[in-house]
Amino acid sequence: MTPGLDELPRERTRLLDNLGWVRRNVGPVTPERSDALADHMNIRRGEVAEVVSFYSYLGQPVDVVRVCTGPVCDCLGGRALLERHPGAVEVPCIGHCDLAPAMLRGDEVVPAVTYSTNHGPSIDLLGPDEPREPPSLEPDRIVAELEASGLVGYGGAGFATWRKWEAVRKAPGPRVVIVNADEGEPGTIKDRYVMELRPHLLVEGIEVAMAFAEAEEAYVYLREEYATARERLGAALAARGLPVTIVTGAGSYVCGEETAMLESMEGRRGMPRLRPPFPAEAGYLGRPTLINNVETLAHIPAILRLGGAACPRTRLWSVSGAVARPGCYEASVDVTARQLIDDYAGGATEEIGAVVPGGAASGIIPPAALDAPLTREGLAPWGAGPGSAGVQVFPASYPVLRLVRETMRFFAEESCQKCTPCRIGTRALEHVLHELEHDRPAMPGWQLEEWLVAMEKGSICGLGQGAPVPLRGAMRHWPELFAPLLQTR
Ligand SMILES: Cc1cc2nc3c(=O)[nH]c(=O)nc-3n(C[C@H](O)[C@H](O)[C@H](O)COP(=O)(O)O)c2cc1C
Ligand code: SF4
């Protein structure tokens, strides 16, 4: 038996933690170590092996070098960096797009994060980082203030926060609060900024949420690559003595989808659930669960203090790519890409070719859209949306087809494989785009349309449903690139 393993907790919900412990303290999770843990936890060996195979990082040593080849890192030299580090593992996004091309050596980020030199004014309006007593209001009043504030979820889906909070309160307890700190969306680094620079604000938001939901327990599902965030948030939680557990995620983008996250936390593969029921009715271990993104919760104390109608409507914009000062900036919810680039991020470093406004599935807009407000309404005419506000600026020298193909590859690698249109469609479209880069039409335009519709309508979660969005955006704004497909019958 592996030394120390017999001390580990046996509840199924601790499986991911235990696997992380084995990786850190014993070594990469080999089949033998997986079996030993399964025997200890009294779970079938095959079930644990199945979970291990879902989370790629469990098989890697703790000091592994991981090089990011997400779209922004690819654009700024990620592949050359990979070649310079033989033995390094290629990973899709490590949440440090402001440092692109970025890599991790174990827990250490390279290049190192130094906010004073790498970043601009960052988070000003959310206020200083200091522990405070959370505002205390009656639940009905909280819902009313949230409604008046217009706050929508900043995890990407943009669902009205007050509606979700009201639904959770209506479901009978015991209830649970979960903070989604998985932040796997390429180009999105804002939650890391909150946890590293304003951890007390998030803690305050968690306290409000727990009191509102009358929840006795809360969890933060935090992506594994965020070591500094884990340390600083952990210290801020400990200072308030809160019963909040940090669950370390396991390097899978789809685990940011809320029902996949619940599966992962319950000790299974992170595959999204069919809905209904929604987590607000039946979430973690079947209990009504309030799930919010880190940034959403960080805005709530100010809304309750100032009043929903009076509170300035801002959000945190992650800006990366071809700009002088990539970083995270707090700005109005209706800011334009040009304002973010010029007034906050120090201007473009090259002629701009395309902008991804809010993460991989948010669309791709041309330079002509730089003055559109980055709201749902402002971006709809451009076939895009604000998503998670991860604004990625691509230079004209970076081919649009490569950007769309890299994005599709990301979706294909991160698909959980549960539904056929997503599993096969993302790979098929990656192939089509690869062939197009070489002027080869791999399928006629009508057939491509059929694939896109099948994915949009037949996928059960936002990954498969949203994967066509960037491709549709490119087809609309750069139709000449797709001419070979349209000429084929
Ligand atoms: C594939 C996929 C990945 C997601 N990743 C994240 C994530 O990393 N962080 C996050 O907060 N929400 C993510 N979401 C959205 C969550 O499902 C959910 O809407 C969100 O956590 C709810 O919190 P909010 O209402 O405060 O935004 C993802 C959704 C999908 C479909
Ligand atoms: S759409 Fe893709 S990622 Fe989502 S459940 Fe289906 S296969 Fe999994």
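Taking every DSSP beta bridge that has both residues in the chain, what percent is antiparallel when rounded to the nearest 5?
Of those bridges, close to 45 percent are antiparallel.
Give the cross-link partners of Lys457 among the lysines, using a straight C-alpha distance below 18 Å as the criterion and excluding same-chain residues fewer than 8 apart.
Excluding near neighbours in sequence, the set is Lys418.
Over all Cα pairs of segment 378-446, how is the pair count split among 10 Å bins, expressed in % and running from 0 up to the last occupied bin?
18, 37, 39, 6
Using a cut-off of 25 Å between alpha-carbon atoms, which lysines can reach Lys190, once sequence neighbours fewer than 8 places away in the same chain are excluded?
Filter leaves Lys164.
Tally the DSSP beta bridges in segment 139-306 and give the antiparallel ones as a percent, rounded to 5.
In segment 139-306, approximately 5 percent of DSSP beta bridges are antiparallel ones.
Compute the length gained on full extension between Arg12 and Glu350: take 0.36 nm times their separation in residues and subtract their Cα-Cα distance, giving the result in nm to one decimal.
The Arg12-Glu350 span can extend by a further 116.6 nm.
According to the Kirkwood expression over distinct Cα-Cα pairs, how big is the hydrodynamic radius of the chain, in Å?
In the chain this quantity evaluates to 23.0 Å.
Tabulate in residue order the Karplus-calculated ³J(HN,Hα) for segment 265-280, using 6.51 cos²θ - 1.76 cosθ + 1.60 with θ = phi - 60°, rounded to whole Hz; enter x for Gly and Pro.
5, 8, x, 10, 4, x, 10, x, 8, 6, 10, x, x, 7, x, 4
If you average 1/r over every pair of different alpha-carbon atoms in segment 350-472 and take one over that average, what Kirkwood value in Å do you get? Don't skip to the end; give the middle numbers.
Working: mean 1/r = 0.0679 Å⁻¹.
Result for segment 350-472 stands at 14.7 Å.
Using the beta-carbon distance between Arg24 and Asp343 and R0 = 30 Å, what value does 1/(1 + (r/R0)^6) give for FRET efficiency, to the nearest 0.05?
The calculated FRET efficiency here is 0.10.
About the Cα centre, and with charges only on the beta carbon of Lys, Arg (+1) and Asp, Glu (-1), how big is the dipole of the chain? Nearest 20 debye, please.
760
Using label points projected 7 Å from each Cα along Cα→Cβ, tell me how many nm separate Ala368 and Ser332, to one decimal.
Rounded to a tenth, the inter-label distance reads 2.5 nm.
Send over the semi-axes of segment 65-112's equivalent ellipsoid, whole angstrom and largest first, taken as the square roots of 5 times the C-alpha gyration tensor eigenvalues.
They are 13, 12, 9 Å, listed from largest to smallest.
What is the Å³ per residue value for the convex hull set by the Cα atoms of segment 314-395?
Output value, Cα hull per residue: 67 Å³.
Test of understanding: ordering Ser318, Ser332 by Cβ neighbours within 10 Å, fewest first, what list do you get? Each step should come with its number before you reach the end.
Numbers: Ser318 29, Ser332 16.
Result, fewest neighbours first: Ser332, Ser318.
So for Arg23, Arg325, Arg84, fewest C-beta neighbours within 10 Å to most, what's the order?
So the ranking, lowest neighbour count to highest, is Arg84, Arg325, Arg23.
How far is it, in nm, from the label point at His434 to the one at Gln487 when both lie 7 Å from their Cα along the line to the Cβ?
2.4
For labels at Arg141 and Glu377 in the simple 7 Å Cα→Cβ model, what's the distance in nm?
For the pair Arg141/Glu377, the computed spacing is 3.1 nm.
Between segment 141-177 and segment 400-414, what is the C-alpha centre distance in whole Å?
The distance from the Cα centre of segment 141-177 to that of segment 400-414 comes to 33 Å.
Where both residues lie in segment 65-112, what percent of DSSP beta bridges are antiparallel, nearest 5?
Details: 6 of 9 bridges.
Bridges in segment 65-112 are about 65 percent antiparallel.
Mind putting a number on the dipole of segment 163-312 about its Cα centre? Charges go on the C-beta only, +1 for Lys and Arg and -1 for Asp and Glu, and I need it in Debye to the nearest 20.
300
Nearest 500 deg cm²/dmol is fine: what mean residue ellipticity at 222 nm does the chain get from its DSSP H runs of n ≥ 4 alone, each adding -39,500 (n - 2.57), divided by its residue count?
Taking each H run of at least 4 residues, the total per residue is -11500 deg cm²/dmol.
Determine the gain in length on full extension of the stretch Glu231-Arg84; use 0.36 nm per residue of separation and subtract their C-alpha separation, reporting nm with one decimal.
49.9 nm
Could you line up Val356, Val152, Val29 from fewest to most neighbouring Cβ atoms inside 10 Å?
Starting with the residue having the fewest Cβ neighbours, the order is Val152, Val29, Val356.
Can you give the Kirkwood hydrodynamic radius of segment 139-306 from its Cα pairs, in Å with one decimal?
15.7
Given 0.36 nm per residue, what is the gain on full extension from Arg163 to Ala239 after removing their alpha carbon distance, in nm?
Between Arg163 and Ala239, full extension yields 24.2 nm more.
Report, please, the projected area of segment 124-233 averaged over directions, based on the convex hull of its C-alpha atoms, in nm².
Here the figure is 7.5 nm², rounded to one decimal.
Sort largest first and round to whole Å: the equivalent ellipsoid semi-axes of segment 5-59, each the square root of five times a Cα gyration tensor eigenvalue.
Details: eigenvalues 40, 32, 20 Å².
Whole-Å semi-axes of the equivalent ellipsoid: 14, 13, 10.
Just so you know, all these numbers are worked out from the coordinates, no wet-lab data involved. Only a predicted model underlies this, so the values are computations on that prediction, with no experimental measurement involved. A quick note on method: Cβ atoms are made from the backbone with ideal geometry, for glycine too, and the neighbour counts reach across all protein chains shown.
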